[in-house]
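Rule-based calculations on the coordinates, nothing more; no lab input. As the structure is a prediction and not an experimental result, all values here were calculated from the model. For neighbour counting, all protein chains shown are included, and Cβ atoms are generated from backbone atoms with ideal geometry for every residue, glycine included.
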């Protein structure tokens, strides 16, 4: 019996093994919102950001939320990039060669597709130490490669 090839259609759905990306922030966003360039950066000189950031590790997203400026609640969103992403040179070139934090940047928006609502932050002493270190870099005039 001959099969009707017009009934066999390839499936183009996203793979269940597709990479999940996270974005840590204090911004209050909703599913379907887009995170875009143009806001003040959380690091460096706090200029209008040329890039937005995402990571494939929950730990790096937690740091992003904990170190974000603002008074809002720390949040971690699941995001989908809408365009090309590249390694974040502040981390991959300066601190962690090879990008083990799986941290990336883009000029293209990220679509918010979910939120991680249960996660455990770092110890307060670790967060303070990280913030102190970032302040020291700023005081020494060592700026972000992303400014």
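With 0.36 nm allotted per residue and the present C-alpha distance subtracted, the residue 107-residue 134 stretch has 7.4 nm of extension available.
Please give the length that would be gained between residue 59 and residue 30 if that part of the chain were fully extended, namely 0.36 nm times their separation in residues minus their C-alpha to C-alpha distance (nm, one decimal).
Numbers: separation 29, 0.36 × 29 = 10.44 nm, distance 2.17 nm.
Extending this stretch completely gives an extra 8.3 nm.
Protection proxy ranking of 61-70, 105-114, 129-138, by the mean of other Cβ atoms within 10 Å over each peptide's residues and highest first, is 61-70, 105-114, 129-138.
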